[in-house]
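One structure below.
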Amino acid sequence: MFDTVKLNTDQSILQKLQHLGWGMVFLVSLVACIGFAALYSAAGGDLNPWASKQIARFLVGLVGLVIIALIDIKIWYRLTYPIFIVGFISLIVVEAIGHTGMGAQRWIDFGFIQIQPSEFMKIAVVMALARYFHAVGRDDMRSFRFLLPAFVLIGLPVGLVLLQPDLGTSLMIVMAGITMIFLAGAPIWMFIAGGIITAASMPVAWYFMHDYQKRRVQTFLNPESDPLGAGYHITQSKIALGSGGIEGKGFLQGTQSRLNFLPEKQTDFIFTLWAEEWGLVGGLFLLFLMALIFIYGIAISLNCRHAFGRLLAMGLVVNFSLYVFINIAMVMGLIPVVGAPLPLVSYGGTSMLAALVGFGLILSCNIHRDSKLPRMQ
Amino acid sequence: MNNSGDRSKDFTRRAFVVGAFQGMALAVLGGRLAWLQLAEGGRYKTLSDKNRINTKMTAPSRGEIVDRFGVPLAINNQNFRILIIPEQTNDLAESLQKLTNLIDIDDRRIKAVIEKSKRSASFVPMEVADNLNWDEVAKIEVSLDDLPGMSIDEGEVRSYPFAESTGHLIGYVGAVSKTDLNGDPVLTLPGFKIGKTGIEKSFDKELRGQAGNKQMEVNVRGREVRELEEDASLDGKRVSLSVDAELQRYCQERLAEHKSASAVIMDSKTGAVYAMASQPGFDPNLFTKGISAEQWEALMANPAFPLNNKAISGQYPPGSTFKMITALAALEGGFSTPNTKVSCKGRYEYGKDRFHCWKLSGHGNMSITSALMRSCDTYFYQLATEVGIDNITVMAKRFGLGEKYGFDLHEERAGLMPTKEWKLGRYGQTWRPGETIVSSIGQGYLLATPLQLAVMTSRLINGGKAVKPWLVGYVDDKKMYPDQWPSIGIKQSYLDLMKEGTDRVTNHKEGTAYDARIIDEGMEMGGKTGTAQVKKINRADRARGIMNEDLAWKYRHHALFVGYAPLDNPRYVVSVIVEHGGGGSAVAAPIARDLLLETQKRNPAISDIKLSNVIEKPKQYV
C-alpha cells in the first residue's frame, strides 16, 4: 500500500523548508537559550567569556542544522560508511597526536577550533548501524551471524575511545548501539544474556580502569567520605541543587556557582547552576523541554517510511537523551562523575555542534520521511 | 510488503519501549531533583550558607584614657598593615617583589616573610608591613588586583602621647597570653591587645569593650566578596583620671636628675591623685610598637628598675616622716601631753643599749613641736619606750600605713607596720624594746610606700579624714570616687600640734627644711624631712668587696620628704623619696617645694574632672 502513495519525494527547497519541523528547531533553540542564560550567570552576569561564544556557535550550528536537514536522505544514506571511516581515522589521529586534557586524550587542535572526534563518532556509529540494519531483513535478525557486523561497527570505535581513555563516551556508544540493535528487532533473549554477561564482567572492567575512574566510582558510592577531595564536586553540586529549593535563589544569585564552590559550572555542572538559580520550577521546566524533544524525535522516527530514517532518527534521539540522562544524573549524584556535558546547554563547541548536527539529521529524516531507499545498494 | 509492515509495527512497539525507558529516566531525574530541593532543601540551604558565610569577630576600639581636663593619655592610632595569605598567591616571592615596586620595604623583611611562610599554614595571613601612611595605602589599594593574596588591614595601635611621663601610671597593652584567656571571645582575636600594667591593666575590662560579629560572604578561596550583616562591636569605655597630665609631666621631669626616685601629689581632702611619678621612667610606646631585644635588655639590666612604679610598689623605711605617728600614739594613749618635754643629750640609753640622736651633740630641751621642727630622735625614743610598738602600729594604720587601699593600680604594695605578734609569727622571736625605739623614728622593720606617706600626710592635715587615694574619676560618665570620707577620730588639737610642728620644719629658721621653704605668699608649705638608713654594711659585704661606686650608691640613705600646701587650709600633699639620695632636707625637700609650688600654680583642684574633650584631639602622636 505504501508504493501507491507517491508523495513529495522530489520537493523543492521551499517545500522542504516548509516541512522542516520548525517545532523541533524551536524546542532546540529554547533549550539553547536556557544555556545562554546559565552561561551569562556563570560569568557573574557577563556575556563574556562564555555566553557570547556559545551564541555564535549556536547560530553557526543552526545554519548547519538546516543545511544538513535539507540534504537528501539518500545522500546521507550513501555517505554513511565514508563518514564512519573518516570518524574512525580521526579517532586514530587523536590517539596519535591528540592533546592531553583532563587525564584523557580527546581533542584534535585545528588551531581555530578544537574538535573532539568521539562526539561525532557517536553520530557516525548510529548512522552506520541504521544503514546496516536498513539492509538486513527482519528474519535475519534472529541469526547471530547478521548481528556480528553490528558488533564490529560498535566495537571498533568503542575500543579506540577506551584507549583515550574515555569510559563515559565508550559506554554511551555501547548503550546507543545496543538500543539500535534492539530497535532493529534483535531477539529479546540476547539482551537478557547480554545483561548477565555484562554483570559478570564488571570486576574485569574494574581491573582495567584508570585510577581516576576507579576513584570516581568509589567516591560516587560514598561522596561524603572525601568531601574536600574527589567527592567535592558532587557534594558541592548537591548543596547547590538542594539549596535552590522550589523557586531557586534567583537569576545571578546562585551563591554556590557565583562564589566558585561549584566546579566546572559552565560545562558539566551547568544544570546545577540552572537549578540553583531557578529551583525546582526551572529544573523541571528544562526536563519538560527535553521530554518534548524526545517525543518530537520519536514521532519523526515513527512517521518515517524507511527503516534507515526510523532507525537513524530514533538512534539520534536515544543518543541525545543518553547525554541528558547521564549529565543530569551525574550532577545529582545518581551516577559517578563521568565528564559528560549537557547537550545544547553546556559550554563547548564540539558538544554544541554535534548536538545540532544530530538534530539536522533527525530533521532530514523528517523532511525526507517518504523517500524511497533501496534495501540493498 | 507485509514483511515491511510487520517490521514497522515491531519497530513502533520497540520504539515505545525505548520511549518508556526515556520517560522513566526523566521521571527519576525529576523525582531526584524534587527530593534534593524539597525534602533535603533545608539541609542543603544550611550547607550552602556555611560554605559562603564566614563569620568573623570584629575588634572593639579600646577606650581612651584621659586626664582630668580631657587631655588624652592613651589613644588609638590608625594602623594600616598589609597582610598576605600565601595560599592565595601564585608565587609568594613574586607577589612580594611586586609590592616592593610600590612601597619601600626592607629586603630583610621580605626574606623574613618568605621564611615564616615555610613554617606556618598557607592560609594564615601574615603581616608584610605595618604603620603605612596614606600615600602607601592609596598606592596599594589601586593595584590590589595585581597583588593576589594581599589585603590592607586597618587596625589600631595604642599610643601614649605623654610617653615616659605616664609610663607607670597608664601602663601599656600587650599580646594576650594563655593565662589571660577567660572565655571572653574577644581575647582570641588575632593581634588583640590587653592591658599589662597600670590603668590599662586594672581597668582593662572597662577599656576593652565587646567584640562584634561580621558576616562576610567568601568565595571558594576564602576571599571576602561582600559584607552581609554586622553586629557592631561595642567600643571600650573612656576612663577619666584625676591626674593633671601637665603636672604629671613636670613631676616626672623634676625627678629626672636622680637615679632612682618617686613622688606622689594628691588632694588631701578628696584623695584624688594629681601626679604620681617614678624615676627612671620608660616609654610605654615601646611596648605597643614592638620593643627591640636591646631595648628590653637595657630596661631589665637597669639597677633602678625602670619598669617598677616605685610610687606605689617601692617600700621604704619612712624614717623621720613617721615621727608624727609616734607622737600621736603617745598623745592619744595618754603617754605624753602637748607639754611633755624631753632633754636631748645626743643619745638615749635603754638598758644596756645606747641609741643615738642624729645630732650627736644633742638638741637640749625639746617640746613636741621643736622635736618635729628639728627632727630630734631622742624625744621620740623617750615616748616610744612608754607607748610600745603595738600602739604605734595601731596609730600608723589609722593613718593608712601598712595596708593596701584597693588602689586603682594593682601594683600597690602594703608596706609593713610591725606588731609583737607579727614578729613572733614571722621570726619566732619575741619583740625587743630596743626595736620599738628604732621604730619610733621610722626605722627597723617599718616600710611604707610614697603613696602611703602621702595618704598619712593628707590625714594629718585634713582634719583626720580617712581619705584613700584614687586615680579613676569616671568610667564613661559613671562616677568612681566617694564624696565623703569618715573620720579617723583623732583629737583636732593633737592634729593642730602636728601641723604646728611640721609648719616650723620649713618656716622656722631652725627647721630642718628651712632652706627649701616656699617664699611665695599664700603658697607656703609645711612638711617633714626624713633620712632613712638603708642597711649597715656588715663584715660579709666588705669581704665580698663592696667598695665600688655603684654598690656604694646602693647603701646610701634614702632621702624623704612629706609636705603640704598652702599652710592655710592645706589642700595639696606631696611625698618624695629619692633612693639613696642622702639627706631628706637637702635632697628631697627642694623637690617637694618645687612640686607643691607648681601644683598650686596649676591648681588642678579648682575644676572638676571634665567628661568631654575640651582639647581637640591631636591627629598624630609619636
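Coordinate-derived values only; no laboratory data. The shown structure was predicted, so the numbers you read here are calculated from the model rather than taken from an experiment. Note that we place each Cβ from the backbone using ideal geometry, even for glycine, and neighbour counts take in every protein chain shown.
Pairs B:K205/B:K478; B:K193/B:K479; B:K310/B:K601: which exceed 21 Å Cα-Cα?
From B:K205/B:K478; B:K193/B:K479; B:K310/B:K601, over 21 Å: B:K193/B:K479; B:K310/B:K601.
I want to check the label-to-label distance for B:A175 and B:N219. Put each point 7 Å from Cα in the C-beta direction and report it in nm to one decimal.
The answer from the label model is 3.3 nm.
Hey, what D do you get for the protein assembly as shown in µm²/s if you plug the Kirkwood alpha-carbon radius into Stokes-Einstein at 4 °C and 1.567 mPa s?
Estimated diffusion coefficient is 35 µm²/s.
Can you pull the one-decimal nm distance between simple spin-label points at B:K50 and B:E156, each 7 Å off the Cα toward Cβ?
3.4 nm
Which ³J(HN,Hα) values in Hz, rounded to whole numbers, follow from the phi angles of segment A:295-303 under the Karplus curve 6.51 cos²θ - 1.76 cosθ + 1.60, where θ = phi - 60° and Gly and Pro get x?
Ordered by residue, 3J(HN,Hα) equals 4, 4, x, 5, 4, 4, 4, 5, 7 Hz.
Where in segment A:250-308 are there chymotrypsin sites (Phe, Trp or Tyr not before Pro) that are in a DSSP coil and have at most 16 other Cβ atoms within 10 angstrom of their Cβ?
Those that pass, being in a loop and sparsely packed, are A:F251.
Using +1 on the beta carbon of Lys and Arg, -1 on that of Asp and Glu, and nothing else charged, what's the dipole of chain B about the Cα centre, debye to 20?
For chain B, the charge dipole is close to 2060 debye.
Work out from phi, with θ = phi - 60° and the Karplus expression 6.51 cos²θ - 1.76 cosθ + 1.60, the ³J(HN,Hα) of each residue of segment B:272-281, listed in order in whole Hz, and give x for Gly and Pro.
Those phi angles translate into 4, 8, 8, 7, 7, 10, 9, 10, x, x Hz.
Just to confirm my numbers, what's the Cα centroid distance between segment A:147-183 and segment B:477-505 in Å?
Rounded to whole Å, the Cα centres lie 108 Å apart.
Which order do A:L14, A:L361 fall in if you start with the one that has the fewest other Cβ atoms within 10 Å?
In increasing order of surrounding Cβ atoms, one gets A:L14, A:L361.
Please report the projected area of segment A:12-367's Cα convex hull averaged over all directions, in nm².
So the Cα hull casts an average projection of 17.9 nm².
Explain nothing, just compute: Karplus ³J(HN,Hα) = 6.51 cos²θ - 1.76 cosθ + 1.60, θ = phi - 60°, for every residue of segment A:341-355 in order, whole Hz, x for Gly and Pro.
Ordered by residue, 3J(HN,Hα) equals x, 8, x, 6, 10, 4, 6, x, x, 4, 5, 5, 5, 4, 4 Hz.
How many percent of all Cα-Cα pairs in segment B:245-605 sit more than 37 Å apart?
I get 17 percent for the Cα pairs in segment B:245-605 exceeding 37 Å.
Roughly what % antiparallel, to the nearest 5, for the DSSP beta bridges in the protein assembly as shown?
DSSP beta bridges in the protein assembly as shown are roughly 95 percent antiparallel.
If the cut-off is 24 Å between C-alpha atoms, which lysines fall inside it for B:K139, apart from same-chain ones fewer than 8 positions away?
B:K98, B:K111, B:K289, B:K619
For the Cα atoms of chain A, what angle does the longest principal axis make with the long axis of helix A:144-163, in degrees from 0 to 90, nearest 10?
For A:144-163 against chain A, the angle is about 30 degrees.
Over chain A, what is the relative contact order in percent, taking alpha-carbon pairs closer than 8 angstrom and at least six residues apart?
Computed value for chain A: 27 percent relative contact order.
Among the DSSP beta bridges whose two residues both lie in chain B, what percent are antiparallel, rounded to the nearest 5?
95 percent
If the chain between A:D72 and A:N303 were fully stretched, how many nm would it gain, using 0.36 nm times the residue separation less the Cα-Cα distance?
81.5 nm
Can you list the aspartates and glutamates whose alpha carbon is less than 18 Å from that of A:K74, not counting same-chain residues fewer than 8 positions off?
Within reach: A:D3, A:D10, A:D370.
In what order do B:S585, B:S95, B:S61 fall by count of nearby beta-carbon atoms within 10 Å, going from fewest to most?
With the fewest neighbours first, B:S585, B:S95, B:S61 line up as B:S61, B:S95, B:S585.
Kindly point out which whole DSSP H helices in chain B project their C-alpha atoms 18 angstrom or further along the helix axis while averaging a Kyte-Doolittle hydropathy of -0.5 or above.
Passing helices, by number: B:2-34, B:589-602.
Run the simple label-point estimate for A:C33 and A:V217 please: 7 Å along Cα→C-beta, distance reported in nm.
4.3 nm
Enumerate the whole-percent occupancy of each 10 Å bin, from 0 to the last occupied one, for all C-alpha pair distances of segment B:336-418.
Cα pair-distance distribution for segment B:336-418, in percent: 17, 35, 29, 15, 4.
Evaluate E = 1/(1 + (r/R0)^6) for B:T12 and A:L252, where r is the Cβ-Cβ distance and R0 equals 51 Å; express this FRET efficiency to the nearest 0.05.
Calculated value: 0.65.
If we count other beta carbons within 10 Å of each Cβ, what is the order of A:R78, B:R158, B:R32, fewest first?
Ranking A:R78, B:R158, B:R32 by Cβ neighbours within 10 Å, fewest first, gives A:R78, B:R32, B:R158.
So who's got an amide H within less than 5 Å of the one on B:L228, skipping anything under 5 residues away but keeping other chains? H placed 1.01 Å off N, in plane.
Amide H neighbours of B:L228: B:Q215, B:M216, B:E217.
For B:K56, list the lysines whose Cα falls under 17 Å from its own Cα; do not include residues on the same chain fewer than 8 positions away.
List returned: B:K214.
If you take every residue apart from B:I194 with its C-beta less than 13 Å away from the C-beta of B:I194, what net charge results, scoring Lys and Arg +1 and Asp and Glu -1?
With Lys, Arg at +1 and Asp, Glu at -1, the neighbours total +3.
Sum -39500 (n - 2.57) across every DSSP H segment of at least 4 residues in chain A, then divide by the residue count to get the 222 nm mean residue ellipticity, nearest 500.
-23000 deg cm²/dmol
Under a point-charge model restricted to the Cβ atoms of Lys and Arg (+1) and Asp and Glu (-1), what is the dipole moment magnitude of segment B:245-605 relative to its Cα centre, in debye to the nearest 20?
The calculated dipole for segment B:245-605 is roughly 1140 debye.
If r is the Cβ-Cβ distance from B:T100 to B:D483 and R0 is 51 Å, what FRET efficiency results, to the nearest 0.05?
0.25
Quote the FRET efficiency, to the nearest 0.05, computed for B:K352 versus B:N569 with a Förster distance R0 of 51 Å and r equal to the Cβ-Cβ distance.
0.55
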